[in-house]
Amino acid sequence: MLTVKDLHVSYGGIRALKGVSLAVNKGEIVTIIGANGAGKSTLLNTISGFLKPTRGEILYNNEKLAHRPDLIVKTGICHVPEGRLIFANLTVTDNLILGAYLRNDSKAIKEDLEKVFTLFPRLKERELQLAGTLSGGEQQMLAMGRALMTNGELVLMDEPSLGLAPLLVQTVFDIILQIRALGKTILLVEQNAFKALNIADRAYVLEQGRIVKQGPAAEIARDPAVRAAYLGSKSVAMKA
Ligand code: ATP
């Protein structure tokens, strides 16, 4: 579904991505784990068209992507950005409707809004509340819901668990599994390697702008170097 080939991205003199290649197949949850500054957000922002690579290409369903966020949303890629970036002075419902601003299928938009409210009953209870007054976890749900309103098939998620209390972190990862069950494909960027590897099918490890390891998530979670760097001494109970 998504193929990234030899991607190089720089901010002035800083080379944030140095030849990243990866693939995501339809229906998978693929995670990219890496420390602060490894280049995870840069990678997602480049796939979404906000940043232009200096080299390399990105294919979606075998078509080369233009570096245009509006066109990329239309092709079916949606992005849940780090820090959520919701509209604080708009209601929950208005934030969700804005997720669908490039669509004109009003009946389907209404149905998708109901689907989002079914997935996130907490948002339904707060549909007229100003988004800026939601808790951190609720804002994360809103950001995920807004991305689902684009009706995209591939969901890019940038650190959805960042800054959340442990109980809510688990909720967010449960929701990611539910989103996959709706038929979506997910590329998940996370610092919480333990949780991310636990729900993912495959994983890539990004270090200083380069992919240094890749494989089935369960295998990556067992890798001694990965465990030492990202999983501490925690014993990992992986899915079968
Ligand atoms: P984190 O987990 O801390 O969010 P990350 O893996 O998402 O980190 P990026 O945000 O992609 O990392 O940053 C990769 C590198 O690019 C870092 O060295 C960062 O300082 C640099 N960088 C990111 N954005 C900019 C920018 N707008 N201008 C200059 N350098 C930047």
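The values are calculated or read from the model by the stated rules, or taken from the named source; none is laboratory data. Source: prediction; values computed, not measured. So basically every Cβ, Gly included, is an ideal-geometry build from the backbone, and we count neighbours across all protein chains shown. Remember, those area values only see protein heavy atoms, side chains included, never the ligands or the DNA or RNA. Shrake-Rupley method; radii C 1.70, N 1.55, O 1.52, S 1.80 Å.
Computed values, structure above
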read-out	value
Residues being small (G, A, S) and more than 13 Å from the ligand (Cβ to nearest atom) - total across region 11-29	4
Residue in region 79-99 that is in a strand (DSSP E or B) and within 16 Å of L154 (Cα to Cα) present	yes
Check on G76, modelled with pLDDT of 95 or more, surrounded by fewer than 22 Cβ atoms within 10 Å (Cβ to Cβ) and touching a strand residue (DSSP E or B) at 6+ places or on another chain (Cβ under 8 Å)	no
Subset of region 30-67 [open to solvent by 30 Å² or more (accessible area, probe 1.4 Å), assigned to a strand (DSSP E or B) and either near the ligand (Cβ under 10 Å from one of its atoms) or without any contact (Cβ under 8 Å) to a residue 12 or more places away in the chain (or both)]	K64
All positions within region 46-91 that are of a type in the set (F, W, Y) and within 29 Å of K124 (Cα to Cα)	F87
Count - residues of region 133-142 that are in contact (Cβ under 8 Å) with a residue 40 or more places away in the chain and surrounded by 24 or more Cβ atoms within 10 Å (Cβ to Cβ)	2
Number of positions in region 200-221 that are among the charged types (D, E, K, R) and either in a strand (DSSP E or B) or modelled with pLDDT under 95 (or both)	4
Enumeration of residues in region 162-199 that are outside any helix (DSSP H, G or I), farther than 16 Å from R227 by Cα and either open to solvent by less than 50 Å² (accessible area, probe 1.4 Å) or within 13 Å of the ligand (Cβ to nearest atom) (or both)	L162, G163, L164, G183, K184, T185, I186, L187, L188, V189
Residue check for G27: open to solvent by less than 80 Å² (accessible area, probe 1.4 Å), at pLDDT 95 or above and small (G, A, S)	yes
Any hit, region 3-13, residues being open to solvent by 50 Å² or more (accessible area, probe 1.4 Å), touching a strand residue (DSSP E or B) at 6+ places or on another chain (Cβ under 9 Å) and closer than 21 Å to G76 by Cα	yes
Lone unmet requirement of (1) open to solvent by less than 10 Å² (accessible area, probe 1.4 Å); (2) free of Cβ contacts under 8 Å to residues at least 40 places away in the same chain for V155	(2)
Residue in region 102-120 that is within 21 Å of I47 (Cα to Cα), assigned to a loop (DSSP other than H, G, I, E, B) and open to solvent by 30 Å² or more (accessible area, probe 1.4 Å) present	yes
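Yes/no matrix, rows are residues, columns are (1) free of Cβ contacts under 8 Å to residues at least 40 places away in the same chain; (2) farther than 29 Å from I109 by Cα; (3) of a type in the set (G, A, S):
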{"site": "M144", "(1), (2), (3)": "no, no, no"}
{"site": "E159", "(1), (2), (3)": "no, no, no"}
{"site": "L167", "(1), (2), (3)": "yes, yes, no"}
{"site": "G183", "(1), (2), (3)": "no, no, yes"}
{"site": "V205", "(1), (2), (3)": "no, yes, no"}
